[in-house]
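In what follows, a structure is listed as structure tokens, so that the remarks can point back to it.
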Amino acid sequence: MLSEHPVPAALSLVMTFTTGMLGGCGILLLIPLLQVIGAGQRESSHGVSRILTSLCFSVGLEPRLGTILLVFLILVGLQALLVRQSVLVNTQLQLGLGKQLQDRLFESIARCRWNFFTGVRQSDFVHALTHDLNRVSFGATTLLNLVSSGVLVAVHLTVSVLISPWLTVTVLCALGLLTPLLLLLNRLARKSGKQLSGKSMEYYHHVQQQLAGMKEFKSLGAEQRQIDHFQSLTTDMQRTQTEFRAANADSAVVFTFGSALLLSGIVLAAVDLFQTPVVELLVLVAVFSRIAPQFRQLQSQWQQWLHTLPAFESVSAMLERCDAEREQTGGKTPAATSVCPSKAAASCPNIELRNVSFRYGPLGTKQALKNLHVTIPAGRITALAGASGAGKTTVADLLLGLLVPNEGQILADGVPLSESSLPTWRSRIGYVPQETYLLNDTIRANLLLARPEATDRQLNEALQAAAGEFAFQSSRGLDSLVGDSGLQLSVGERQRLALARALLRQPDILILDEATSSLDTANQSRIQTAIELLRGRMTVVVIAHRLSTIRHADQIVVLDGGEIVEAGTFDSLTAQSDGIFRTFVDADRFRVHGSPPHQFPTTETLRTPAA
């Protein structure tokens, strides 16, 4: 990702290196400074002092105390300014990387194929977009800090080499003895990071399930079981985090004691083995006193990076999966022209399903639809009938372009639909699903999802067409709040609002998937009348269990087991005494009192022999 931000990445690296160099020069100034104030013999002056003296004389200055302090202050001031600017650049880089990854992941999810989307737990998407991306953002910060700490350690080691090469090599060899222990701690950090990713994913899945099913859990009296399960998940996450913190604390103990041991060894070796002058010894002690915490910070940041790496791998894997299932959209077909303002029948497409088969699983799994061949006439009302599981909603998803046939073709006015034409094709469709999606916002905001430029008059007309007078039961009218998922509305009101939203779009094709199933008889009749008025203006596909909803359809297609078993008008199908649709009608007429009226029986009910 850093390669996609070359300028800020390079600028950050340059400023980090320059900051480290200025800090190193400031430390080297301690040698001539101590010598000037008499902390060592001038005749044993170090090479650094000779270089500074030459530089001072070259610009007409004498290497006095004031001159050295002035240079020191200039270096510190420049370093402070660079540190400030480096923080700003790193922040911009970190936030830019996080935003880029967030945008890219959400776009990949939004553009993936529907069949793939429905096969992934929704909580996994939420987890990747929130928890994993937060950890990745933290990991990006850690990586930048890791580079900064590494540069500072390298600069200070360079300073120590300039002062005493052999002593520096000795110290590095001693540090090498800690490598096996550090590698073990790093493996523990990586392992705990993977465990945290898995446990937090389950946590998100559990939370989403519990909140969505809270009403059912309360009605079942299962609150305590869910609370216990939730607490077990949080306990596991706490244990995993504690293990990581313990590994971090262990490395702190190792470095604290190791630093003290090394510092003691430095002093002993410098005095007894290398006979290092006092001034150089003091500077070396200062250098290694700064290296020790920086090296400790470097190790800690490396562990944190390893801990967040599984989150980055998880996000990358999700991106790869979504990109592999991306809809190949972009072009247009002659059948996918823009929505025509005129609603004459000529603007409505004639849709044909030609030998269409579809299965949700891989090759060899049971087919949801088998060799469907049917024409949906332009400007007419076609109803899909059949028991639950017959394949009606699958047909609707195919018409929407959410699913692609495994075999056969879908044609609009004789032209096969392809993935490249899907955006424009979908722009011609109004869709009302059985499960209504509503924003936690106003009625106006929910309607404007379909047509952002619509006026209040157009909004009201759409509501009236969908029997949506509920919008004015509140003094706020269109600005009435619907609540989270529309909980402030009745189920019927939610469906009417969804229907109004679909009609506001002025589509060429209207697909109603059980859109009137929750309405009372009066409102259902009003919506049915509104649907019939659309005849000739748009192609309507209705999926319904109520016989009254499909009674006046121009064509009824009966599905059973994913196959078309009958097709015709209501009267022609009921005239077939041995037909499946006639069985539906007869079962509805003689349904036991108290059962839901005007509903199709299940296939199992139809196959149960009479007593």
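The numbers here are math on the coordinates, done by the rules we state, and not lab data. Keep in mind that this is a model prediction, so the values were computed, not measured. Heads up, the Cβs are rebuilt from the backbone with ideal geometry, glycines too, and the neighbour counts pull from every protein chain shown.
Descriptive notes on the structure:
- The phi torsions of segment 492-501, fed into the Karplus equation with coefficients 6.51, -1.76 and 1.60 and a -60° offset, translate into couplings of x, 5, 4, 5, 5, 5, 5, 5, 4, 5 Hz, rounded to whole numbers, with Gly and Pro shown as x.
- For Asn406, the residues 5 or more places off, or on other chains, whose built amide H falls under 5 Å of its own are Ser357, Phe358, Arg359.
- Order of Leu105, Leu282 under a 10 Å beta carbon neighbour criterion, fewest first: Leu282, Leu105
- Sites Val76 and Ala260, calculated FRET efficiency, Cβ-Cβ separation with R0 22 Å, nearest 0.05: 0.20
- Residue pairs, from the table Lys99/Lys218; Lys99/Lys191; Lys199/Lys370, whose Cα atoms sit over 30 Å apart: Lys99/Lys218; Lys199/Lys370
- Footprinting exposure proxy for Trp302, Trp425 (fewest neighbouring C-beta atoms within 10 Å first): Trp302, Trp425
- Global form of segment 82-188, assessed from the alpha-carbon gyration tensor, a/c cut-off 1.5: oblate
- Partners of Lys392 within straight-line reach, counting aspartates and glutamates whose Cα lies under 14 Å from its Cα and excluding those fewer than 8 residues away in the same chain: Asp513, Glu514, Asp560, Glu563, Glu566.
- Long-range amide H partners of Leu510 with built H, under 5 Å: Gly430, Thr539, Val540, Val541
- Sequence of Ile109, Ile443, Ile227, Ile163 once ranked by neighbouring C-beta atoms within 10 Å, starting from the fewest: Ile227, Ile109, Ile163, Ile443
- The phi-based Karplus calculation (6.51 cos²θ - 1.76 cosθ + 1.60; θ = phi - 60°) puts the 3J(HN,Hα) values of segment 430-445 at x, 10, 10, x, 5, 9, 7, 9, 10, 6, 7, 8, 7, 4, 4, 4 Hz, whole numbers, x for Gly and Pro.
- Peptides 239-247, 538-546 ranked from most to least packed by the mean count of surrounding Cβ atoms within 10 Å: 538-546, 239-247.
- Listed values for segment 197-209 are Karplus-derived 3J(HN,Hα) couplings in whole Hz (6.51 cos²θ - 1.76 cosθ + 1.60, θ = phi - 60°), namely 4, x, 5, 5, 5, 5, 4, 5, 4, 5, 4, 4, 5, and x replaces Gly and Pro.
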